[in-house]
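What follows is a set of notes on a single structure, which appears directly below.
The values are calculated or read from the model by the stated rules, or taken from the named source; none is laboratory data. Predicted model, so just to flag it, every value in this text is computed and none were measured. Calculation scope for accessible area: heavy atoms of the full protein, side chains included, ligands and nucleic acids excluded. Shrake-Rupley method; radii C 1.70, N 1.55, O 1.52, S 1.80 Å.
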Amino acid sequence: MKRNLLIVSVILLSVATLFAQNKKKMTAQEVCAVMADLDRVPDYNYTTLLLENISKSGKSEVLEIKQYGGGDNGLKNVAFDFRAPASVRGMRVLQLEKVKKADDRWVYEPRLRQSRRIPMTERTKSFGGTEFTYNDMRIRNETEDKNTMMDEAAQITVAGRKYICWKIKSVPVKKSEVEYAYRISWVEQDTFIPVHVEFYNEKDVKIKLYECEKLEMVKGVTGIEYPLRRVNRLTNLVTGNQTVATVKEFVFDDVVPSAFFTQSWLTTGKVPRGNKKK
């Protein structure tokens, strides 16, 4: 099954004891398999996400998005509802996971008053005007890349916090589907969460940098603990622009109605009475 989850793709369960006991002996492919395993992600999640776009000159704009995650039969679906500012209000994005097929991705554009499917060729483009692309808004399946271990105990400091990580180089199998030639990830060994990721072009020039600036343990409504990437920064090293993604509010493991993952919700923004999440 494909692994499909957006920025709150950040939400992963604590690593199983077996992996914790043998983590330093794992191969790069095994590490990436655990990192991408959505069986360790809450079945449902509701999040208020703030995306702050910061230009090279320092100009700032904040987008507020409501995000709903859930699914049926083991599949994971995600819906985004853009609330602010006025320039994007009413925009909605829907991602539906498919078995052994590419995800279905749709966007509703309020200015055109119509929805359209996002083809594979457009998934390298900006997500809602941010530095994140549609590709950035999902967790890659380990089979989509050739993963190589560069360091089994790499040390890195992010936002003043030190981490011990697996340092892994990942080269996409289908390079035409992504906007970079390869990436190098520092995957934290206790949570299997990438805390620092560098993206390179074909000339080995670093073009994009992701960093998790705040990682904390939180609980879902069932009491299960999850490591949450609360604050995340993506920097476009070519333009100097940045987007800071902050999880403002969240509820994990509380059922999200399946009505959110339909074409009806996408085009109207409405769900049946009694099934609404604010």
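Computed from backbone phi, the HN-Hα couplings of the stretch 231-242 come to 10, 9, 10, 10, 10, 7, 6, 7, 9, x, 7, 9 Hz, rounded to whole numbers (Karplus: 6.51 cos²θ - 1.76 cosθ + 1.60, θ = phi - 60°; Gly and Pro given as x). Across all C-alpha atoms in the stretch 133-192, the radius of gyration and Dmax reach 12.7, 36 Å. Of 98/146; 59/175; 98/270; 167/208; 66/146; 25/146, which ones are farther than 27 Å apart at the Cα? Pairs exceeding 27 Å: 59/175; 66/146. For residue 27, the accessible surface of its heavy atoms amounts to roughly 70 Å² (probe 1.4 Å, protein chains only, rounded to the nearest 10). Fully extending the segment from residue 48 to residue 153, taken as 0.36 nm per residue of separation minus the present Cα-Cα distance, adds 34.4 nm. The largest-to-smallest principal axis extents of the Cα set in the stretch 77-234 are 51, 42, 32 Å. When the square roots of the Cα gyration tensor eigenvalues are ordered a ≥ b ≥ c, the ratio a/c for the stretch 53-164 is 1.5 or more and a/b does not exceed b/c, which makes its shape oblate. Taking amide hydrogens as placed 1.01 Å from N in the peptide plane, the amide H of residue 196 sits under 5 Å from those of 186, 212, each at least 5 positions away in sequence or on another chain.
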